[in-house]
Amino acid sequence: MLPFFHSAPATAGIACLSVAAIYSLLALVATLVWRIRTARSGSSAELEPPVSILKPLCGLEPDLHAHLRSFCRQDYRHFQLIFGLRDPADAALAVVHRLIAEFPALPISVVINQQIHGDNYKSSNLMNMLEVARHELLVIADSDALVSPDYIRRVTAPLHLPQVGLVTCIYRGIPTPTVWSRLGAMYINEWFIPSVLLAWLFGHDSYASGQTLCLRRSTLDAIGGLRPIANHLADDYRLGEMIRALGLKIVLSNYEVRAQHHEPNLESLASHQLRWMRTLQILRPRSFRFIFLTFSLPLALLGLLLACRSISMRELSWILFSSTVGAQLLLHLVHRRRGDRARFADLALIPARDLLLCWTWFRTFFISRVKWRGSEFNVDAQGVMHRNA
C-alpha cells in the first residue's frame, strides 16, 4: 500500500493542508493580478455624459464630511449630487448643508422623505431620491466611501459600451482605531475581497457591491426600477441578477473604493458579520456549507495536527502549512502597501479574525435574524426581509 494512504487521519490532514495552500495561493495570485491590472489602467475617457450621483444617508458616521466632500471634488464636467434621508432630524443633514455652502456652484439636491416602499430602507431611500435625478447615467454609492477626483470618469467609462448594463467596484476597508473596526476591515480586505477577485480571475461576473453601482436609467426602468429589490437583503446582488437577465454584462471597474469601517464594540462587529455571512448563505445556499474550505489558516492548522501523526508526511505537511501561512501574510500586507495603514500593526489580530470568521459561519446555520441600522429582520431562504414586530 502506498505510504500516503496508510493513515486515514494523516491523509485527511494532507487533504486539508492542500486545499488551504492552494486556495491561499490562488487568492494571492488573483489579488496581485488585480493590482497589476489596476496599476496599468488609465483613468481618462473620451466622453463625459452627465451623471446623477445618489448618496443615501442614515446617521452621522465618522468622518462623514470628508467622505461626502470627496464626491463634491470630482474632476468631471456635469454631475448632480443627490443626498437622501428619511428623518428630517438626522444629524447627517447638517453635513449636507455644510457642503452646499462650501460648493455653491455644484448642483446638490436634498431629498427628505419618510415614505417606505419595502423593508430594505436603503432601497426605499433610493426610490425616493430617483424622483429628482436629472440624468440618464446613475451612480449609487454608499455614505462611507472615500474617492479620488477621477472616480466618476473611471467608474462610468464601461457604460459607454452598449452591452454593459452595470458597473461595480471592489472596495478596501479603512478602519477607525478600535480593535473591532480593525477586525472588521480584516474580514473585508483579507477574506471577502480576495474571494471576489478569485471568482473574477476565473470569469465569474455575479459580484455587485452597493459601494458603487453605475447604470443607465433606461436599464433600471427595464427591470421595473428598484421596487423589485425593495424587500431584499442582498439588494445589490439582486439588482445585478435582474440586469444580467436582460442579456447585459456586469463589469468590475478597475477603480478601488476606500470605505471607512467603524465598529464601536464586539456586538456591532458580530452583528455586521452575521448579516454579511447570512447574505452569502442566501446567494450560495448549496456551496455555503463548504465555505469553511476558504478559512485557510484554521483549515491548515487542523491539517497539520492530523498529518503530523505520520512521520512520512511530516515534511510535506510543514511545506504546505508554510505555504498557506506565507500566502496569508502576503494577503494581509498587500493592501497596506500604499502607506495609509501601519503595515504590521494588526498581525497579532489574525488568529482572532479567523476564530470570529469560523464562529460567525457556524452561527449562520442556526440564526435567520439580522440587524441593520438599528432594526431587526428575519430573512427567508429567498433573501426577502421581514421586519420583526
Open item on the list: If I filter segment 265-289 down to residues being assigned to a helix (DSSP H, G or I) and among the polar types (S, T, N, Q), which single residue comes out as surrounded by the most Cβ atoms within 10 Å (Cβ to Cβ)?
Closed with: 273
- [ ] Of the conditions (1) surrounded by 20 or more Cβ atoms within 10 Å (Cβ to Cβ); (2) farther than 13 Å from residue 261 by Cβ, residue 180 clears all except one; give me its number.
- [x] (2)
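Just to be sure before I move on: is residue 174 in contact (Cβ under 8 Å) with a residue 24 or more places away in the chain and under 26 Å from residue 47 (Cα atoms) in the structure I sent?
no
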Open item on the list: Being at positive phi, surrounded by fewer than 16 Cβ atoms within 10 Å (Cβ to Cβ), at pLDDT below 95 and not aliphatic (A, V, I, L, M) narrows it down to one residue among 75, 63; which is it?
Closed with: 63
Open item on the list: Of the conditions (1) aromatic (Phe, Trp, Tyr); (2) part of a helix (DSSP H, G or I); (3) crowded, with 20+ Cβ neighbours inside 10 Å, residue 171 satisfies every one except a single condition; which number is it?
Closed with: (2)
- [ ] Please enumerate the residues belonging to segment 217-244 that are surrounded by fewer than 17 Cβ atoms within 10 Å (Cβ to Cβ) and in contact (Cβ under 8 Å) with a residue 40 or more places away in the chain.
- [x] 217, 218, 225, 227, 244
Open item on the list: Looking at residue 24 and the list (1) more than 30 Å from residue 203 (Cβ to Cβ); (2) out of contact with any Phe, Trp or Tyr (no Cβ under 7 Å at 6 or more places or on another chain); (3) buried (at least 19 other Cβ atoms within 10 Å of the Cβ), which single condition is not satisfied?
Closed with: (1)
TODO: Find the residue count for segment 174-221, including only residues that are more than 18 Å from residue 52 (Cα to Cα) and not in a loop (DSSP other than H, G, I, E, B).
DONE: 25
TODO: Quickly run through segment 89-142 and pick out the residues that are more than 26 Å from the chain's Cα centre (by Cα) and open to solvent by less than 10 Å² (accessible area, probe 1.4 Å).
DONE: 99
Open item on the list: Here is a list: 148, 109, 123. Which entry is under 20 Å from residue 232 (Cα atoms), touching a residue at least 24 places away in the same chain (Cβ under 8 Å) and of a type in the set (Gly, Ala, Ser)?
Closed with: 123
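Okay, residues lined up against (1) modelled with pLDDT of 90 or more; (2) surrounded by 14 or more Cβ atoms within 10 Å (Cβ to Cβ); (3) within 20 Å of the chain's Cα centre (by Cα); (4) not in a helix (DSSP H, G or I):
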| site | (1), (2), (3), (4) |
| --- | --- |
| 312 | no, no, no, no |
| 321 | yes, yes, no, no |
| 328 | yes, yes, yes, no |
| 331 | yes, yes, yes, no |
| 351 | yes, no, no, no |
| 354 | yes, yes, yes, no |
- [ ] Residues being assigned to a helix (DSSP H, G or I), open to solvent by less than 30 Å² (accessible area, probe 1.4 Å) and modelled with pLDDT of 90 or more: count how many of those fall in segment 295-310.
- [x] 5
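The values are calculated or read from the model by the stated rules, or taken from the named source; none is laboratory data. This structure is a prediction, so every number in the text was calculated from the model and none was measured. Reconstructed Cβ throughout: ideal geometry from the backbone, glycine too, with neighbour counts over all protein chains shown. Just so you know, the surface numbers come from the protein's heavy atoms only, side chains and all, with ligands and any DNA or RNA stripped out. Shrake-Rupley method; radii C 1.70, N 1.55, O 1.52, S 1.80 Å.
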